[in-house]
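The values are calculated or read from the model by the stated rules, or taken from the named source; none is laboratory data. These figures come from a predicted structure and were not determined experimentally. As a convention, Cβ positions derive from the backbone with ideal geometry for all residues, glycine included, and neighbour counts pool all protein chains shown. We work out accessible area using only protein heavy atoms, side chains counted, and drop any ligands, DNA or RNA first. Shrake-Rupley method; radii C 1.70, N 1.55, O 1.52, S 1.80 Å.
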Amino acid sequence: MASVAELKSAIEAAVQQISDGQSAVKAAGEKLGEAQQTLAGALEGSGHEAVTAAHAALSQAAQELDDCLTATLAAIEQARQYSSTL
Amino acid sequence: MSIIEDLAAQLRATSDELPVDLVTRALEQLRTATERLGRVRQASVNPLAVPELSAATEHAHLAGHALQVAQDHLAAYLSAIGLPAGAAGDTARPSTVVTRRHQGKEPARRAAPDAATAPRWWSARVAVLTGSKDRPSDGAARPATDPEELLRRVSNRAGAGDRERLHAELRGVDAEVGLGLAAVAGPALRRLAGQLLGHPPRVPDLHRLRSEVSGPVRDLLPGLPPAVLDTLLSRVCRTPPPSQPHPAHPADQAVAAGVVTGLLLNRLGGNRSNSRDNHG
């Protein structure tokens, strides 16, 4: 039969997994920022449609990563809040 | 090396170094966490962060997709200026975020739930949403054992406007599988809405999307609080959902996402084909 301690431990394991996911998202955001800077320098002056579209896609990726991080913060808060009520 | 060759090498290197692998890793970790929390909370009505994790997973999925789109545009640019795409956007790209979900990285399928032990709260809520009587599964159809399979079934029933069979598909599944609908339907919803509109869904498209689906959603899910559909469509259009005085039941958003996916697929004429690819 499961105990509260086991339940809390299972939640903490999930929280740890979310934290690992957060680390990957943060690292992805940093690498993406560097790539955006490199491309901005290399492609400065280009008005090519594909370049504009690439910049837009990278901006969208950055926004999605930010939103992802925000959602994971909320998830961790919810999980810990629930755990504290057990 | 000429200046243009130097530029091409720089673009290829930058494209190759875009963090698709990191996003894929984050996705896998978030999915594992969702499964773990799903197992913990299966018998509880408390959503226990699963909706937030579903949203995080969807954003990570969309980020990965956007990175791949950027790689494709960079490859197109190189091609347009007379240079072979080479590594940028070529077919040797690592397994993509989009396809990896279907290439052996999926969690093991769960055993089909015993109808008698399926969580009572899930089937009770499904009955409320579909305006049906809460009764045990008649065992005529084996319940779906993973969210993607459930999404295919739900979208087929919703597209056909068959409320009774929609209820039958939903009522017997594990709550974890049912709640997983929200995560697997999210990316499909945005893409399908984009196909319908002819451009990525934006805030001004909310009214049109609502008018496309609200009637059929009311017919199929007469017990769904209207605010749930507003929240779902707001997320599709990337705008903050209207604030609600009470949190929605965790089953509502998941079921609504599955149904709206089916309605959009049907509207686009895609429900007759194998819809698995359409959900990636």
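Key figures
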read-out	value
For B:4-16, mean number of other protein chain Cβ atoms within 10 Å	2
Computed accessible area, B:Arg210, all protein chains, 1.4 angstrom probe, square angstrom	80 Å²
Counted charge near B:Arg235, where neighbours are those whose Cβ lies closer than 9 Å (Asp, Glu -1; Lys, Arg +1)	+1
Partner aspartates and glutamates for B:Lys133 [C-alpha distance under 18 Å; skip if fewer than 8 residues away on the same chain]	B:Asp162, B:Glu164, B:Glu169, B:Asp219, B:Asp252
Chain pair B, A: total accessible area buried, heavy atoms, 1.4 Å probe, Å²	3400 Å²
Cα-based radius of gyration of region B:168-217 once divided by 2.2 N^0.38 Å, which approximates compact folds	1.40
Spatially proximal aspartates and glutamates relative to A:Lys26 (Cα-Cα < 20 Å; intrachain offsets below 8 disregarded)	A:Glu34, A:Glu64, A:Asp66, A:Asp67, A:Glu77, B:Asp16, B:Glu17, B:Asp21, B:Glu28, B:Glu52, B:Glu58
Charge dipole (debye, nearest 20) of region A:5-86; +1 at Cβ of Lys and Arg, -1 at Cβ of Asp and Glu	200 debye
Whole-number accessible area per residue in Å² for chain A, which is evaluated in the context of all protein chains at 1.4 Å	52 Å²
Span from the region B:11-53 Cα centroid across to the region B:199-245 one, whole angstrom	25 Å
Mean Cα-pair separation over length for chain A, i.e. relative contact order, pairs under 8 Å, 6 or more apart, %	55 percent
Which of A:Lys8, A:Lys26, B:Lys133 is most accessible, then next, and so on - probe 1.4 Å	B:Lys133, A:Lys26, A:Lys8
Chain A - Rg over Rh from alpha carbon coordinates, Kirkwood radius	1.25
Farthest toward positive dipole pole in chain A [+1 Lys/Arg, -1 Asp/Glu at C-beta], among A:Val51, A:Tyr82, A:Leu7	A:Leu7
A:Ser9 accessible area, 1.4 Å probe, all protein chains in place, Å² to nearest 10	70 Å²
Unit charges on C-beta of K, R, D, E only; dipole of region B:23-76, Debye	260 debye
Karplus (6.51, -1.76, 1.60) ³J(HN,Hα), θ = phi - 60°, over region A:19-30, in Hz, Gly and Pro reported as x	4, 4, x, 4, 4, 5, 5, 5, 4, 5, x, 5
